[in-house]
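Notes for the one structure printed next.
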Amino acid sequence: ESNFTEVLGLIRDTNMSMTIGLERTQAEIEIVKISQELSTLKNNVKNITTALDTTITHLLKDFADTKVMAKKNEDTLLNVTESLQASLHDQKRATTEAKAIAEQNQKHLNNLTAKFLTETCEHAEGYEPSDMGGICITKLPSDCATLQYIYPYVKSGLYNFEVGGIPYKAYCDMDYDDGGWTLIESYDVPKYKYVYNKAHFGLDLPRNSNHPPNSDASTDSNWDDHRQPKAVIQELLKRSVQVHARCHRQAYASKNDWFVGDISMITNHYRSQNTGSGGSLHYSPFSLNGRLKGSVLGKQENFGWNHADTTTMWHAGFDASGKPGSTNSEDSFTWHDGGLNPQHKCHTTGGEVVYFVRGPGKLGTPEYPAYSCQQIIKTSSKSYGRSGPYWLQLKNRIQRVFCEMKANGGGWTLWLASSSDDLTKIESETELGTPNVAGLTIQKPGSSRDITHFKMSGNDINAIRESWKIWGPELGYWPNMNEKGYWTTTPALYPNSGYWGAEIFHRKDCVYQPGKMEFQSGDTCKYSVWKYEQDDWVAGDTWTNPREACHKTWGGQQLTGNSACFRNGRGLNYNCNQKPFYIGHCEISVKSWGLEFVR
């Protein structure tokens, strides 16, 4: 029993020891586990610390790099600023120098008061340009266009000139439509209408001619009453191509009232000459562009033009009476005893009637005649669109003729304008009309007392056609003989059939031979183009005279023999009743008129 009791005690001690051992073992396991977790946490902290150190290092390096870059940018910005400041300084200095040079040139121009300068000039003829610093002028320019040719960048203002041996001063508009305009007249209509009433440009009416306007400033009162003497105006008209009028000294202030036309508008004599095209969309008897009280002149609206020194005298101007908003017998760009219209700028003191003229500048003047209108337009692109009379060197003399500078590419020389029944004269080699008088316009012969039938000689026609051999090489111009060289047209009879109406062309390689017969037509001259839009040349007929005398052609156009109404040029010929320029068989009884050009 005592042993059993001892054994039970041992068992209890053993169980207690085992329990304690087990608990200790579990605690040790927990300690190991916690130690492992602490080790892991320590490693994580170490890694985080390392990453933070790396990041901070990178940030510090980037910051240092940024500071370096900022310093570089600051230096660069400083250099750029200094460079810009230096450049601006140089530009200011260059501008100052250029302004000084311009003022010096302007002063030089304004001081050209003597007929001949004292300097030596290697160009005896004068007007020969080199550069802005080396231009030699042996005499005063004749007009503003010539001045602009010598000094292309000259500004608008007052200058000294000499034309026909007469010294004079004139205001030049060097801005409107490429400039070159010479002022011949300006007046305030309400203040001075009775002075200028019916004062055509053939009348000697000098008004403050020694005190032209100095500028287009509103404070310049010289615009109110100014006109050049007749002698100066007549000399300018001899060398001018175009006339321009408006209702204000400043062009931008007269956008609804202005016109540009060929110089015949103020050199010839008219009484209510229609400016409308008579049905065509293009033709105008004055090569006219402009607006009158907002209406388009010569196309959309038909106004009557007046300028005459007949018994009933007329200052140049349009008759606007009968148009909406017009007063009784209202006149524009002038005044003729009618009512003033306060709604018309020409009739208010806020505006004034101004007239300018413009010449060619050099080529096409009496001193420098051209060989053809084509030479003028090839020499100066500015001449495109400036249709009017120019001076040409013909075979034996210089002569003033009309140049069409827009239609069908421009550069066309008018060699015939006629509605005459005298076929013998028209078809001959000889000329018709008075040299230097006829042939200055594209108007119908007889529409004014100055416009007559006109025809150049055969020698002059062919000389113009071949003149490119003289001037072409210098300009690098070598024409294709397949180009249009002759143009026959009847203006305004039909719309939408050619540039002005019915028309036909011949090739450039055709020689003008008015006596040529049908059986001699086996060459390129028989090829014509019926319509302007057509590209290919097609066979027509002979140059002038078919064997059948009843149908004498005008320029070699074919008659097909049917009754169709040929409105595209095929009927531009004579019929048995000698009606020139009739169009097709439909108009066989109508006597029309026509024009012939060569290029």
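For region 346-458, what class follows from the C-alpha gyration tensor (a ≥ b ≥ c being the square roots of its eigenvalues): rounded when a/c is under 1.5, otherwise prolate if a/b is larger than b/c, else oblate? The shape class here is oblate.
Ligands, DNA and RNA aside, E37 has an accessible area near 100 Å² when probed at 1.4 Å.
Summarising the amide proton neighbourhood of E301: residues at separation of 5 or more, or on other chains, whose placed amide H is nearer than 5 Å comprise V296.
Phi-derived couplings, Karplus 6.51 cos²θ - 1.76 cosθ + 1.60 at θ = phi - 60°, listed residue by residue for region 460-476: 5, 4, 5, 5, 5, 4, 9, 5, 4, 5, 7, 9, x, x, 5, 9, x Hz, with x used for Gly and Pro.
Go through 55-68, 396-409 and give me the packing order, highest mean Cβ count within 10 Å leading. Kindly include the intermediate steps, with their values, before the conclusion.
On the way: 55-68: 10.0, 396-409: 20.1.
The densest-packed peptide leads the list: 396-409, 55-68.
In this structure, the amide hydrogen of Q242, modeled 1.01 Å from its nitrogen in the peptide plane, lies closer than 5 angstrom to those of I263, R358, counting only residues at least 5 positions away or on a different chain.
Pull out a ≥ b ≥ c, the square roots of the eigenvalues of the alpha-carbon gyration tensor of region 1-109, then state rounded if a/c is under 1.5, prolate if not and a/b is larger than b/c, and oblate in the remaining case.
On the way: a/c = 22.62, a/b = 12.41, b/c = 1.82.
The shape class here is prolate.
The Cβ shell under 14 Å around S221 holds other residues with a net charge of -3, Lys and Arg each +1, Asp and Glu each -1.
Could you sort 219-230, 194-205, 1-12 so that the peptide with the highest average Cβ count within 10 Å comes first and the rest follow in order?
Numbers: 219-230: 18.2, 194-205: 16.2, 1-12: 8.7.
Per-residue Cβ counts within 10 Å, averaged per peptide and sorted highest first, yield 219-230, 194-205, 1-12.
Which order, highest average first, do 475-486, 380-391 follow once you tally other Cβ atoms within 10 Å for each residue and take the mean per peptide?
On the way: 475-486: 13.7, 380-391: 21.4.
For the peptides 475-486, 380-391, the packing ranking is 380-391, 475-486.
The values are calculated or read from the model by the stated rules, or taken from the named source; none is laboratory data. Here the structure is a predicted model, which is why all the values come from computation and not from measurement. Virtual Cβ from ideal backbone geometry, glycine too; neighbours counted across all protein chains shown. Each accessible area value is taken on the protein alone, full model and side chains, heavy atoms only, with ligands, DNA and RNA left out. Shrake-Rupley method; radii C 1.70, N 1.55, O 1.52, S 1.80 Å.
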